[in-house]
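Below: the structure, in structure tokens.
The values are calculated or read from the model by the stated rules, or taken from the named source; none is laboratory data. Small disclaimer: the values here were computed from a predicted structure and weren't measured. Cβ placement follows ideal geometry from the backbone for every residue including glycine, while neighbour counts extend to all protein chains displayed. Side chains included, ligands, DNA and RNA excluded: accessible areas come from the protein's heavy atoms. Shrake-Rupley method; radii C 1.70, N 1.55, O 1.52, S 1.80 Å.
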Amino acid sequence: MRIAVLGAGAMGSLYAGYLSRCNDVVLVGNRQETVDRINADGIRIHEQDGSVTVGRPQAVVSTQGLAPAELIVVFVKSMSTGSALEGCAPLIDAHTCILTLQNGSGHEDVLSRFVPLERVLIGTTQHNSAVLGPGEIRHGGSGLTHIGCVQGDAARFQPVADAFTASGLQAGCSNEVRRLVWNKLFTNASLSVLTGVLQVPMGFITQNASAWTLCETLVREAVAVAAADGYSFDADEKVAEVRRVSENGPNGITSICADLGKGRLTEVDTISGSVVRASRRLGVPAPTHEAMVALVHAMEGKAQGN
């Protein structure tokens, strides 16, 4: 399969590296140093067992002159999705599908500006990765990649799932992908955003009673909104799951925490912001999520002198 991966960060590099084992893959990045290193030495992936594997996609900063892709996988920050796809016009033709594996929800609204909704795929992944240097990453955890769609039966995209699985990224198609997106949001819109606002590692949230009370409130609010959206979850179970994530990764630094710590814009609008939008649409209050979004934007503004 001819696949383009947008974003040469931790997750984009991981997927491009793996997918290049069995597919024709081009990785689109924005840093020439990273692109040059990948083209020269490949993507070095440090696995959990201590081994190092090497993926060899073609890496570019410009897509001019490239052939269209059958599939584009989006891993750029959510606020960069539109501009990234605008720069990839040569990769898109009448048959191209676009898959988002980004954090949060609502990405289909942007993707549908570039391909019809029937060719927009949404998904979730349980893999995680961290950048060690240009063209070098650490594969921190594995799991399933779930692929769904906005319109129609997801089963028609089984060839995409098969291409992922053949490359070592176990994947399947699901018509319940929106439920899976909600399930992932419970952690990102509680633990992740709170570590960002407090500028602390994940373990602090369960170690500090006040922080944990706030985190639990965020989870329960999100579960209530999800229920109104037609997706029922056990709130106590979700609270326990988020607590385990904090306790099992006490030194973990979330992307929102890292971005705020470095004065960068965050993806809060597609994470906590998606809970807020759903709460307003469905008439279910989520005041703590609204406060978190406001606090994150205030921190972003402070870093940029606004």
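Surrounded by fewer than 23 Cβ atoms within 10 Å (Cβ to Cβ) and of a type outside the set (D, E): does that describe A189?
When the stated conditions are applied, A189 does not pass them.
Mind listing just one residue for me: the one in region 140-175 that is in contact with a Phe, Trp or Tyr (Cβ under 9 Å, 6 or more places away or on another chain) and not small (G, A, S) and, of those, most open to solvent (accessible area, probe 1.4 Å)?
This residue is Q170.
Being among the basic types (K, R) and in contact with a Leu (Cβ under 9 Å, 6 or more places away or on another chain) is the filter here; which residues of region 138-185 pass it?
Result: R138, single match.
Search region 210-238 for residues that are of a type in the set (D, E) and pair each with any residue that is open to solvent by 30 Å² or more (accessible area, probe 1.4 Å) when their beta-carbon atoms are under 7 Å apart and the residues are at least 6 apart or on different chains.
So the pair list comes out as D229/L282.
Residues are listed down the side, and each one gets a yes or a no for (1) of a type in the set (S, T, Y); (2) modelled with pLDDT under 95; (3) over 28 Å from G305 (Cα atoms); (4) buried (at least 17 other Cβ atoms within 10 Å of the Cβ):
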| site | (1), (2), (3), (4) |
| --- | --- |
| V242 | no, no, yes, yes |
| N248 | no, yes, yes, no |
| R264 | no, yes, no, no |
| S274 | yes, no, no, yes |
| P287 | no, no, no, no |
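Any residue at all in region 76-85 that is open to solvent by 60 Å² or more (accessible area, probe 1.4 Å) and part of a strand (DSSP E or B)?
Looking through region 76-85, none of the residues is open to solvent by 60 Å² or more (accessible area, probe 1.4 Å) and part of a strand (DSSP E or B).
Would you pick out the residues in region 65-75 that are within 26 Å of R156 (Cβ to Cβ) and open to solvent by 50 Å² or more (accessible area, probe 1.4 Å)?
A67, P68, E70
Taking region 90-109 as the search range and keeping residues that are at pLDDT 95 or above and either assigned to a helix (DSSP H, G or I) or on the phi > 0 side of the Ramachandran plot (or both), which one is surrounded by the most Cβ atoms within 10 Å (Cβ to Cβ)?
L91
Looking at A155, is it modelled with pLDDT of 95 or more, over 30 Å from D36 (Cα atoms) and assigned to a helix (DSSP H, G or I)?
Yes; evaluated as a whole, the condition is true for this residue.
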